[in-house]
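Here, each number is a calculation from the coordinates, and none is a lab measurement. Note that the coordinates shown come from a computational prediction; the quantities given were computed from them, not determined experimentally. Every residue, glycine as well, gets a Cβ built from its backbone with ideal geometry; the counts of neighbours run over all protein chains shown.
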Amino acid sequence: MEALTEDDLRACCAAPAWGAAILAGRPYPDRAALLAAADAAGRALSWDDVLLGLAAHPRIGERAAGETKEAAWSRREQESVSPDEALVAANRAYEAKFGHVFLIFASGRSQAEIVAAAGRRMRNDEETERRVVRDELRRIALRRLEQVLDARG
């Protein structure tokens with residue numbers, strides 16, 4: 001398994017603590033052990049770490065700009081989503097309530113599913129929503145890490 005770099009990990013998740021935890025655990029005997037460590041690192045993120053990770057994600061429905069690996073992944077993950085009136089309203093309401101972007105593992109989900117999920121999550125209290133956001137960020141990071149590993153064969 002080719003060594004992962006800090007840049008590889010930052011593209012998967014912008015929370016420095018996530019990448020640092022993975023790098024600190026090297027070497028990994030196999031892919032499964034690396035993914036298990038990445039999963040554990042995502043579950044262990046503090047809320048401040050999660051906010052750092054969120055800062056790298058555009059609003060759902062908005063296209064990430066730039067030529068970075070992270071921007072390309074974001075555009076691909078959100079390819080079925082466009083900023084229609086319902087989604088814009090959901091984003092605004094969510095941000096007004098929770099103070100950060102609505103993050104969801106969008107791959108494979110329709111726009112209607114995403115808007116419905118935003119509506120359901122608006123009923124969460126802040127503590128519950130923080131757990132949900134941490135989990136969504138973890139899932140996105142793991143998916144991206146798998147893509148990095150797949151690209152390396």
Query - Sparse-neighbourhood loop sites, trypsin sites (Lys or Arg not before Pro) in the stretch 83-123 - DSSP loop, at most 15 other Cβ within 10 angstrom - result: 123
Report task. Work out, step by step, the length gained on full extension between residue 44 and residue 92: first 0.36 nm times the residue separation, then minus their alpha carbon distance; give nm to one decimal. Result -> 14.4 nm
Report task. Please give the per residue volume of the convex hull enclosing the alpha carbon atoms of the chain, rounded to a whole number of Å³. Result -> 104 Å³
Query raised in the report: Applying 1/(1 + (r/R0)^6) with R0 = 41 Å to the Cβ-Cβ distance of residue 3 and residue 110, what FRET efficiency is obtained, to the nearest 0.05?
Result: 0.60
Query raised in the report: Using the Cα gyration tensor of the stretch 99-153, with a ≥ b ≥ c the square roots of its eigenvalues, what is the shape: rounded (a/c below 1.5), prolate (a/b larger than b/c) or oblate (neither)?
Result: oblate
Report task. Under a 10 Å cutoff between Cα atoms, tell me which one of 31, 130, 43 has the largest fluctuation in the Gaussian network model of the chain. Result -> 31
